[in-house]
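Here the structure comes first, spelled out in structure tokens, and everything after it is commentary.
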Amino acid sequence: MNMHTFIGRSEARTLGMASVVSVLVRGVGTAATLGYTLLMSRTMSPADVGTVWSIWSVTFVVATMVTLNIGGAAVRDIVAARALGRDEIAAGFVVASRRLLTITAPVVCVGFLVVAYAHDPQSVHDNLYGYIAATLSIPVLGWIQTNASHAAALHRALLSQVARSLIRPLLFLSAFAIIWALSYQPSVNFTLGLYFLAVCLAAFVQFALLRRSFSFMREVQPDTSPWRQWVGAGLAVAPMLLLAEYLKSVVILFCGLALHAAEVGTVAIALSIIGFLNFGMTAVDSQFAPRISGALARRNGVRAARLQAYANVLKFLPALVAAAVLFVAAEWILGLFGAHYAAGADATAWFLLIPLSRATFGNATLVLQVGGHRGDILWTTLVGLGLMAAGAYAGGLNWGLTGAAAGCSVAYAALMALRYLSCRARTGMDTSIFGTPAALLRPIPVTEI
């Protein structure tokens, strides 16, 4: 089959177009986030920026807890159930997810407020309405996450991504552009209230776009009997989800353990600046992951290694150049956000270790996952999260902003190295940039073409 015939297939065209649109959506969302972060820094005090970003980060992480990450099993179980004609099981998964949310949400929301008050009672007192708005946003975020997992399993991931990736950033960008034009200084309460409205709007748009995708549920009696199995599978991959989807929030949360609010604001801005590096790597991985996974499933190890090598080249060289530019220009770029933030140049340099370590060690997580070594992913993630929390806290306590950034970033790089070594030991595949030359030069056997 020649390439023209392949491209001409409707499925290939559809998947290709969806991939392009997905990258564009993520790119616009990332750019809008950087844009409103810039406007926030110009209209709010550094302490208020830090307070807002700290609360946002916690709500994103806690939203995973409110769902018990049951959506982590959606792609496997909903797809399998529908493929076998068991729509009642697929419908039961959706129903169980929504019921679970109604049960856990009150407990998690109360727990969030209690912990927030115990950690910083003065902040809660000063920004009470903002904390209430943030608390109410937690179940809405959980709803969005759950629907997104269902959408992926029902082959409607792009529709869900449009709502998740664009609504909140574009609304914030528009609102803060108006605020900046009017020379208005928004409070923490105002910003978190706007945040609640944004996530509610995103949830409404997402549900409206996906509503027809759930029409199959009207024709069956949902079977929720395997709910314990679904929750268990979701909890097993929850730590990995935190690092894969909410890395920025996790880093802000850990750095905030030992830093003042104004310093946390600088952390958030530094991470927003390097967000394009992480976005670029995620875009490359999203394109290569299905092909690498398919090659591994067919036991075509040489082709999988070569595909991984191509992905490494596409990630490592651009990341190295971009990191060098940001390293040199960090102080000037941060200064655009305000004179206070220019002091975070050293912290930004340390944060560059995060995308660079991803580019260096490759996508070992995918290889372990396809090989059925989920236990290795779980224990390395838990160790990594512990090291990141300890590194950020100890570094922040002793050396302030730069120390927190260094401790957290070095710990993340150690996690990437640890997972890479685990992958080498379990599968024998070298996913790193160090194994790239050999993979590119190795001939592909005729039996594996």
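Peptides 415-424, 317-326, ordered by how many other C-beta atoms sit within 10 Å of their residues on average, highest first, read 415-424, 317-326.
Would you mind classifying the stretch 335-430 by shape? Square roots of the alpha carbon gyration tensor eigenvalues, ordered a ≥ b ≥ c; an a/c under 1.5 is rounded, otherwise it is prolate if a/b is larger than b/c and oblate if not. Since a/c reaches 1.5 and a/b is larger than b/c, the shape of the stretch 335-430 is classed as prolate. Taking the helices alone, the chain has a mean residue ellipticity at 222 nm of -27500 deg cm²/dmol, built from -39,500 (n - 2.57) per DSSP H run of at least 4 residues and averaged over all its residues. With contacts taken as Cα pairs under 8 Å and at least 6 residues apart, the chain reaches a relative contact order of 20 percent. Distance from the alpha carbon centroid of the stretch 242-304 to that of the stretch 80-135 works out to 24 angstrom. Loop-resident trypsin sites (Lys or Arg not before Pro) (DSSP state other than H, G, I, E or B) in the stretch 292-340 with no more than 12 further Cβ atoms inside 10 Å of their Cβ: Arg298, Arg299. Taken about its Cα centre, the stretch 225-332 carries a charge dipole of roughly 760 debye when the Cβ of each Lys and Arg holds +1 and the Cβ of each Asp and Glu holds -1. Taking N as the residue count of the stretch 292-396, its C-alpha radius of gyration divided by 2.2 N^0.38 Å amounts to 1.40.
Given the peptides 136-149, 275-288, arrange them by the average over their residues of other C-beta atoms within 10 Å, most packed first.
Order by mean packing, descending: 136-149, 275-288.
Each listed q (0.09, 0.11 Å⁻¹) maps to a log10 I(q)/I(0) for the chain from the Debye sum over equal C-alpha point scatterers, namely -0.61, -0.93.
For the stretch 14-134, the fraction of C-alpha pairs more than 26 angstrom apart is 48%.
For the stretch 374-430, the equivalent ellipsoid derived from the Cα gyration tensor has semi-axes of 27, 11, 5 Å, listed largest first. Summing charges over all other residues whose Cβ lies under 15 Å from the Cβ of Gln185, with Lys and Arg as +1 and Asp and Glu as -1, gives 0.
When the square roots of the Cα gyration tensor eigenvalues are ordered a ≥ b ≥ c, the ratio a/c for the stretch 77-210 is 1.5 or more and a/b does not exceed b/c, which makes its shape oblate. Taking a ≥ b ≥ c as the square roots of the eigenvalues of the Cα gyration tensor, the stretch 175-241 is classed as oblate, since a/c reaches at least 1.5 and a/b does not exceed b/c.
Bear in mind that the values in this text are calculations on the coordinates, not laboratory data. Keep in mind the model is a prediction, meaning the values are calculated, not measured. Backbone-built Cβ (ideal geometry, glycine too); neighbour counts: all protein chains shown.
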